[in-house]
1. Pop the C-beta distance of residue 54 and residue 22 into the FRET formula with R0 = 22 Å and round what comes out to the nearest 0.05.
2. Say each of residue 30 and residue 45 gets a label point 7 Å from the Cα, pointing the same way as Cα to Cβ; how far apart are those two points in nm?
3. When only the heavy atoms of the protein chains count and the probe is 1.4 Å, how do 38, 51 rank by accessible area, highest first?
Amino acid sequence: VYLSFQSLRQISQRTISTASRRQIQNRVPEKQKLFQEDNDLPVYLKGGVMDAVLYKVTVGLSVFG
């Protein structure tokens, strides 16, 4: 039992220490520009094609449900 605890502890420490080294790119300013653009689209469709598909599926389920 002690050996399995030690190995689990080593794995968790290794995962935490390697995760902090990665550089995460901040994409918030890009998303802010996208959503603040004045292109006559409602905010729930500004995310792109996937937003449009999700919107249409939701409306379809609401109508047929």
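1. 0.15
2. Between residue 30 and residue 45, the simple spin-label model gives 2.4 nm.
3. These residues rank, largest area first, as 38, 51.
The values are calculated or read from the model by the stated rules, or taken from the named source; none is laboratory data. Since the structure is predicted, the reported quantities are computational estimates derived from the model, not experimental observations. Here the Cβ is made from the backbone with ideal geometry for all residues, glycine too, and neighbour counts use every protein chain on show. Side chains included, ligands, DNA and RNA excluded: accessible areas come from the protein's heavy atoms. Shrake-Rupley method; radii C 1.70, N 1.55, O 1.52, S 1.80 Å.
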